[in-house]
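Below: the structure, in structure tokens.
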Amino acid sequence: MRRSNADTEAIRRAAELAADFLETLDARSVAAASDAGSLRAALGGPLPVEGEDPVAVIERLARDADPGLVATAGPRYFGFVIGGHHPAALAADWLTSAWDQNPGLHVAGPALSIVEETAGGWMLDLLGLPPAASHGFVTGGMMANFTAIAAARHALLERAGWDVERQGLYGAPVLDVVIGAEAHATIRTALQYLGLGRERVHVVPNDGQGRMRVDGLAAVLAACRGPVLVCAQAGNVNTGAFDPFEAIADLVRARENAWLHVDGAFGLWAAASPRFAGLVAGVERADSWATDAHKWLNVPYDCGFAATADPAAHRAAMSITAAYLVQDTGERDGMDWTPESSRRARGVPVYAVLRALGRDGVREIIERCCDVAARMAARLRDAPGVTVLNDVVLDQVLVRFAAPSESDAAADARTRAVIAAVQRDGTCWLGGTTWHGLAAMRISVVNWATTIEDGDRSVDAILAAARGVETAR
Ligand SMILES: *Cc1c(COP(=O)(O)O)cnc(C)c1O
């Protein structure tokens, strides 16, 4: 079929509608305005029998989805740990879709294979990781953990005389897996996918900020007999705290057959700023690293990054074999480094944003986000009845609301009521968590566009919500 003018028109119209949406980001309610029932009424229904004009489809989709959109890409979304999208990254993402290349094989998309190879090298440089490390662009932090731990599983078992890719885990030497008490949930999920078991782990106690305790790790390691995988963390999802990598690396390196993995989905980005790089000192001594580009680097979904200091293990764990896949170009095939065979070239937006920002621009975003978090924490801490629970070392702030001599249970309920009121108000959006048994509001500042003024407006809205909850009681 020939491509018609109407098809090209749909693309131009989508670009206009996207630009219109982006212009609403600063002013619209950060929370979705519509509920699931109305959205289903507008977007659901039976499969159409006859097709529609692409322009009409795009216009209708934009109209019907709009009330259910959350302004996660905007500057006052502080929920979970969710970045926005830098304009260069978003634009490059559209081109990536238009080109429709498959960088799984060099021959299927040589230009984008080279772009990804370059972007991967830039990522290693920016994050202070060894330049010879292997890397792959995966869907997110979870699959980055999966990919890196698969490489670890290969290396540890190979050194113990076992080929896990060929034989599986039946009859294999036993691996001891060690994680921190506040490891991100996706570490356990990666272990689950890899047959290592989400519960079959040694858990090292954490300190009051959620960092792995070195004495606890030493005690756990002393009791391990076989090959050991230790998973440490750069950036606790609640507090932003970092495990002490130098001390952890000393303990892991003292063992014969051990692998140190670091989950740094957002925290690894501290390396891009001299002000915060001290937090990740020693992280380069690990064997593998996982991070996200769709968090602090602000590329659109989806884009995670797995890197290892053992390219042979990484490749052995991931590569696919089939006669028709052997192309012998002598070039890098993406499918050797990620769990997918075919995939989109998600490294391209990374390439574009790194060119647009440069090293200085990335540093500026990290530092500005942390400045906003610090100022929000300081203003909240000064307000009566408000406590900041964590040491604000990076971009994460935990806030609790309590009236004088209120019980813990009443303060939990108050804190949850304030969070709900902030979400309803729509100036900003943030979620809740339970931190060491206490309900807390959780603020995460990782959007490239967030300013000090956005932080101030949001603190005003949070304090107004807290006063509203006070009067309602
Ligand atoms: C977000 C996050 C993950 C998971 O990343 P996804 O991109 O959601 O898969 C893993 N670890 C940490 C520390 C995170 O913050």
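Quickly run through region 305-363 and pick out the residues that are in contact with a strand residue (DSSP E or B) (Cβ under 7 Å, 6 or more places away or on another chain), hydroxyl-bearing (Ser, Thr, Tyr) and more than 24 Å from Leu95 (Cβ to Cβ).
Once the filter is applied, which keeps residues that are in contact with a strand residue (DSSP E or B) (Cβ under 7 Å, 6 or more places away or on another chain), hydroxyl-bearing (Ser, Thr, Tyr) and more than 24 Å from Leu95 (Cβ to Cβ), region 305-363 yields only Thr308.
Within the bounds of region 83-90, is there any residue that is in contact with a strand residue (DSSP E or B) (Cβ under 9 Å, 6 or more places away or on another chain) and surrounded by 13 or more Cβ atoms within 10 Å (Cβ to Cβ)?
yes
Only one of Leu69, Leu90 is in contact with a helix residue (DSSP H, G or I) (Cβ under 8 Å, 6 or more places away or on another chain) and more than 26 Å from Ala356 (Cα to Cα). Can you tell me which?
Just a single option satisfies the conditions, and that option is Leu69.
Which condition breaks for Asp100 when tested against (1) on the phi > 0 side of the Ramachandran plot; (2) open to solvent by less than 30 Å² (accessible area, probe 1.4 Å); (3) not basic (Lys, Arg)?
Status for Asp100: all satisfied but (2).
Given the condition touching a strand residue (DSSP E or B) at 6+ places or on another chain (Cβ under 6 Å) and within 16 Å of the ligand (Cβ to nearest atom), answer yes or no: does some residue in region 217-224 qualify?
No, region 217-224 contains no residue that is touching a strand residue (DSSP E or B) at 6+ places or on another chain (Cβ under 6 Å) and within 16 Å of the ligand (Cβ to nearest atom).
In region 294-311, which residue that is closer than 22 Å to Val283 by Cβ and surrounded by fewer than 24 Cβ atoms within 10 Å (Cβ to Cβ) is nearest to the chain's Cα centre (by Cα)?
Ala309
Whether any residue in region 157-179 is of a type in the set (S, T, N, Q), out of contact with any strand residue (DSSP E or B) (no Cβ under 9 Å at 6 or more places or on another chain) and within 12 Å of the ligand (Cβ to nearest atom) is what I want to check.
Scanning region 157-179, I find no residue that is of a type in the set (S, T, N, Q), out of contact with any strand residue (DSSP E or B) (no Cβ under 9 Å at 6 or more places or on another chain) and within 12 Å of the ligand (Cβ to nearest atom), so the answer is no.
Conditions tested, residue by residue: (1) within 27 Å of Pro75 (Cα to Cα); (2) open to solvent by 10 Å² or more (accessible area, probe 1.4 Å).
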residue: His202; (1), (2): no, yes
residue: Arg211; (1), (2): no, yes
residue: Thr239; (1), (2): yes, no
residue: Phe276; (1), (2): yes, yes
residue: Thr291; (1), (2): yes, no
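Please go through (1) farther than 23 Å from Ser342 by Cα; (2) open to solvent by less than 20 Å² (accessible area, probe 1.4 Å); (3) touching a strand residue (DSSP E or B) at 6+ places or on another chain (Cβ under 9 Å) for Pro130 and return the number of the only condition it doesn't satisfy.
(2)
Of all residues in region 333-373, which are over 19 Å from the mean Cα position of the chain (by Cα), crowded, with 18+ Cβ neighbours inside 10 Å and either among the acidic types (Asp, Glu) or farther than 19 Å from Pro110 by Cβ (or both)?
Asp333, Asp336, Leu357, Val372
The values are calculated or read from the model by the stated rules, or taken from the named source; none is laboratory data. On a predicted model such as this, the values are computed, not experimentally measured, just so you know. As a convention, Cβ positions derive from the backbone with ideal geometry for all residues, glycine included, and neighbour counts pool all protein chains shown. Just so you know, the surface numbers come from the protein's heavy atoms only, side chains and all, with ligands and any DNA or RNA stripped out. Shrake-Rupley method; radii C 1.70, N 1.55, O 1.52, S 1.80 Å.
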